[in-house]
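Each remark here refers to the structure printed beneath this line.
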Amino acid sequence: MKKGKKHMDISMRSRIEFALAAGHSIRTIARDIGVSLSTVSREIRKHTCESFKGCYGRTNQCIHRADCKLSGVCKDCPGNGVPCRRCSYRNCNKYCEKVQYIDCAQRTKRTAQVCNGCPDEKNCHKRKLFYVAVRAHEDYRKVLCEHRQGAALEDWERQYIDELVSPKIKAGQSVHHICVTNAPKLTRNERTIQRYVNYGILSAKRGDLKRACMIRSRKALAKEYQHKVETGCYVNRTYKDYEKFIAEHPGIGPVYMDLVIGRPGGVCLLTLHWLNAGFMIGILIPNKCAESVVNVFDRLYEELGHELFTQLFQVILTDRGTEFSNPSRIELNQNDVRRTWVFFCDPMNSNQKSQLERNHELVREILPKGVSFDSLTQEQAYLALSHVNAYIRYVNGNRTPYEVFEFLYGKGMAAKLHIENIDPREVILKPRLVGIEMK
């Protein structure tokens, strides 16, 4: 690797792939491309991809299976020295003393356990691992872009800057004036603080600045500037990791999480949707930020208790909004005891939690888009969701989500989440339910 260069490029990864295919060891590859042995080893182990080609339907891994003469071990054998399919492909592991398998341990030891360049690849029916340069570079670019998104600002530091800067801006001071008079106290320069104000990270907005309304905003300001609390929050929490977790824990009840926006910058409705019942609750939060979401889970954990909370919130799937970018605080309580698991959908894939999105259509019938939630009370939100949960669903066998949820989690469980039992004949899915008058 060239001096001063910290990241591998596609050419270096291609050289690793070709060298593995040629049977070179990791030590030789590291010397050829000018990096350390551990760097190449980590690169290969981190970006290996699974392949099942040649695995399906194969139960016999013996290297002598083509010439196997084992017979007479089951009632289906013809007894004429010709083995039946059951004997030659299934029972040699139990009865044959000459059974022998391909030993991959020594072969793949030199290549970090990948199968690139293995001479027996075509004849091997085991699960295989390969290093593919193009896919490895795509994974690297994806992680790199995710880490560089948003403001490199911890939540405590954002709060500190906000308390120092926002009151002064609202008092009529300019950002330049604030930065000059409070230079020893600020941890960011003037340009960065100006950017935080423009993109809405601080409580003081762009409209609070003196000359902001006179100056036309740049095109870049039209794009949302996200503040991500944990820069590595998506690592080991992708949708693929979620599918693997669900496969390893059969019968687990996932909960989908999302946000319903009212007025931009105002009060929002945090929705939690139980997939197995179609049941949803909604909790108002003061703004679209990670701290508000964490406070909701801390409050629910305190109200329900550890045992009940872990029973209801076994695993949570959500999108990649910055308001959900603090999953560690959601997963762990204040004593760092795990209370749930959080995973994220792939970018631009709302179909991965489509049932939640369809349920939001019913919520929007009561709380239409463009309507501010600032005057909405939590009791009105509970009432709206109670009527949504009393709406009969065909997929539930013409049962309401309330009935299914009570059946799965026990009677009175919905009441602990502040959801009432509404007669389906009296369901109202109109804004007038919560006192909203449409023009």
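Remarks
- Of the peptides 253-265, 183-195, the order by per-residue mean of other Cβ atoms within 10 Å, starting with the highest, comes out as 253-265, 183-195.
- Size descriptors for the range 340-439, from the alpha-carbon set: Rg then Dmax equal 15.0, 43 Å.
- Protection proxy ranking, highest mean first, for peptides 242-248, 342-348: 342-348, 242-248, where packing is the per-residue count of other beta-carbon atoms within 10 Å, averaged.
- Here the 3J(HN,Hα) profile of the range 406-422, calculated from phi with Karplus coefficients 6.51, -1.76 and 1.60 at θ = phi - 60°, is 5, 5, 7, 10, x, 5, x, 5, 5, 5, 5, 9, 6, 10, 8, 8, 9 Hz, Gly and Pro shown as x.
- Other residues whose C-beta falls under 14 angstrom from the C-beta of Gly278 contribute a net charge of 0, scoring Lys and Arg +1 and Asp and Glu -1.
- Plainly put, the range 247-292 has a radius of gyration that is 1.12 times its Kirkwood radius, both from alpha-carbon atoms, as the Rg/Rh ratio.
- In terms of distances greater than 27 angstrom between alpha carbons, the cross-link table entries Lys244/Lys353; Lys205/Lys353; Lys142/Lys369; Lys288/Lys369 yield Lys205/Lys353; Lys142/Lys369.
- Radius, Kirkwood style, for the range 239-434 when every pair of distinct Cα atoms is counted (Å): 17.1
- The residue among Asn287, Leu385, Pro250 whose Cα reaches farthest toward the positive pole of the charge dipole of the range 239-434, with charges on the beta-carbon of Lys, Arg, Asp and Glu, is Leu385.
- Residue order, fewest to most beta carbons within 10 Å, for Glu365, Glu323, Glu357: Glu357, Glu365, Glu323
- Label-point gap, in nm, between Asn351 and Glu157 - each point 7 angstrom along Cα→Cβ: 4.0
- Burial ranking of peptide ranges 369-376, 309-316 (average Cβ count within 10 Å, highest at the top): 309-316, 369-376
No value in this document is a laboratory result; all are computed from the given coordinates. Predicted model only: the values in this text are computed from it and were never measured. Neighbour counts are summed over all protein chains in view; Cβ atoms, including those assigned to glycine, are modelled from backbone coordinates with ideal geometry.
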